[in-house]
Each structure stands twice: as structure tokens, then as C-alpha cells.
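Any read-out appearing in this document is the output of simple, stated calculations on the displayed coordinates, not a laboratory observation. Just so you know, these numbers come straight off a predicted model, no measurement behind them. Ideal geometry is used to build each Cβ from the backbone, glycine not excepted, and the neighbour counts take in all protein chains shown.
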Amino acid sequence: MNICIITNSKSIDKVKKIESHIKGTSKEDKTFILSKKIDIHTVNEIKANMIISKHYEYLVPDEILKYVNDYAINFHPSFLPLNKGYFPILWATLKDTPYGISIHQMNNKIDDGRIYVQKKIAVSKNMTLEEIYDLHQKKFYELFCTFWPKYRKFVIDKKKYTDFVFQENKESTIYYNKESLIEVEKLRDKWKTTAKNARKDWLARQLNKN
């Protein structure tokens, strides 16, 4: 099986551990890590059977999703459908919503699609946002390791993955790049700000608006 792993240029090292686990599970699987915008020519060239997305900044076109028969999953560091989009850990902190990780089927919308597996993560408010991010990455690897053998079998057998839940639109929240970067700039110590202080300062700003 040929697996295309898509990410951004800064996150290549973060997907290497995922790649290593895939190769350790089956020597028959080949992986291709791409940090550029994916196109149908590239997917066809490597004869991709499936796509794994982690820290990828573009939406994947329908023609590519159809090429891999919708065997395309995305890692998102939030308890979907909460905090889709940019900097979900920041928004979980500011809005005091649950922290979590989700692996879901990709479609042509932002962090949308059926949820295959997810987990809430307990976080200390004294941890920095950077530490919370690192914890999420560790939990992602653990979750993927338990999820991968079952999902891989469905792909090999060319069957639709049956263990999923639909995202509830009424609970959905989404944040975009511009508004997220504005909030990051307001953090007293940027990503080294504790969750407690980030939330406290954000609440104070909301009160000053009123």
C-alpha cells in the first residue's frame, strides 16, 4: 500500500514517528511525505492508496479524495466538532472547552467529516500552551498506534470504515488564521504563557469590551 503523508514544512519531523510506526506495522507499505500543496499529478505518480494529513494547511480537492476512494484521514488537536481550524489548543484554553485529539475522515471542508476516533485530554492549567501542545502530540501517537491496524485492514480490503460518528453542527466552532494570530500576539509570554494566565487575560479583555 502506498501512503501519502501530507504536512507543512515545519512539521516533517513530527510525522516521522507516525511514518516509522506505519513501516514497523507492515514492510509492504510505502510512505511518501509531502510538504507542498498536493495535486492530482503527484498522487497519481506515487499511486497513492490513502492520505494521512497532519498540520497540513490546505484543503484537499475532491478529485484527490475520490482518487484514494476517500481513504483520507486528518489529525486535529481538538475534541471535534469544537475548535476547528487554527490553533485549537489556544481556543480550547481561551474558551475553556475540553482539550482533545481527533482522527477523522477528510472532506473538502475544514476539519469536517466523520470522526473515527477521539479522546479528551486532561490538562493542568499551570501548564504552558507549548507544554499542552507537546502533550497532545504524544497522545496523538498513542491513539494512532491503536487505531492504525484496524483502519489499515479496511483500506487493504477496500471496505468503508464503519466505526465512526457524525460531527454535530450545533456544537461546532471554527477559528481562522487572522483572528487566531491576533490572539497569539496578545499572550503575555506567547506560547510559554500558562493556560491559567491566557484564560485570565482573555476574560479581562472581554470585560473591557463591555
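Summarising the label geometry, the points placed 7 Å from Cα in the beta-carbon direction at R188 and I12 lie 3.8 nm from one another. With neighbour counts taken as other beta-carbon atoms within 10 Å, the residues D29, D201 rank, fewest first, as D201, D29.
How big is the charge dipole of segment 52-210 about its Cα centre, in debye rounded to the nearest 20, if each Lys and Arg gets +1 on its Cβ and each Asp and Glu gets -1 on its Cβ?
Numbers: 28 positive and 20 negative charges, 71 e Å.
Result for segment 52-210 is approximately 340 debye, rounded to the nearest 20.
Under 5 Å between amide hydrogens, built in the peptide plane, is the criterion, and for L34 it picks out I5, I6, T7 among residues at least 5 positions away or on other chains.
Taking θ as phi - 60° and the Karplus parameters 6.51, -1.76 and 1.60, the scalar couplings of segment 63-68 work out to 5, 6, 4, 5, 4, 9 Hz in sequence order, x denoting glycine and proline. Taking amide H as placed 1.01 Å from N in the peptide plane, H104 has its amide H under 5 Å from the amide H of N74, H76, Y116, each at least 5 places away in sequence or on another chain.
Between M127 and N69, the contour length at 0.36 nm per residue exceeds the Cα-Cα span by 16.8 nm.
Spacing of the modelled spin labels on I110 and S180, each 7 Å from Cα toward Cβ, amounts to 0.8 nm.
From its DSSP helices (H runs of at least four residues, each -39,500 (n - 2.57)), the chain gives a residue-normalised ellipticity at 222 nm of -13000 deg cm²/dmol.
Taking a 28 Å limit on the Cα-Cα distance, which of the listed pairs K95/K159; K14/K150; K17/K186 fall beyond it?
Values: K95/K159 39 Å; K14/K150 23 Å; K17/K186 33 Å.
The pairs that break the limit, which is 28 Å between Cα atoms, are K95/K159; K17/K186.
Modelled spin-label separation between H21 and D96, with each label point placed 7 Å from Cα along the Cα-to-Cβ direction: 3.3 nm.
Rounded to the nearest 0.05, what FRET efficiency do K36 and E168 give with R0 = 35 Å and r taken as the Cβ-Cβ distance? Could you check?
Values: r = 34 Å, r/R0 = 0.97.
The calculated FRET efficiency here is 0.55.
Of the residues T97, T162, T193, T146, the one with the fewest other Cβ atoms within 10 Å heads the list, and the complete ranking is T162, T146, T97, T193.
Computed from backbone phi with θ = phi - 60° and the Karplus coefficients 6.51, -1.76 and 1.60, the 3J(HN,Hα) list for segment 119-127 is 8, 6, 10, 7, 9, 7, 5, 8, 6 Hz; x is used for glycine and proline.
Ordering E19, E142 by the number of other Cβ atoms within 10 Å of each residue's own Cβ, fewest first, gives E142, E19. Taking a Cβ cut-off of under 13 Å around R188, the surrounding Lys, Arg, Asp and Glu residues balance to a net charge of +3, with basic ones at +1 and acidic ones at -1.
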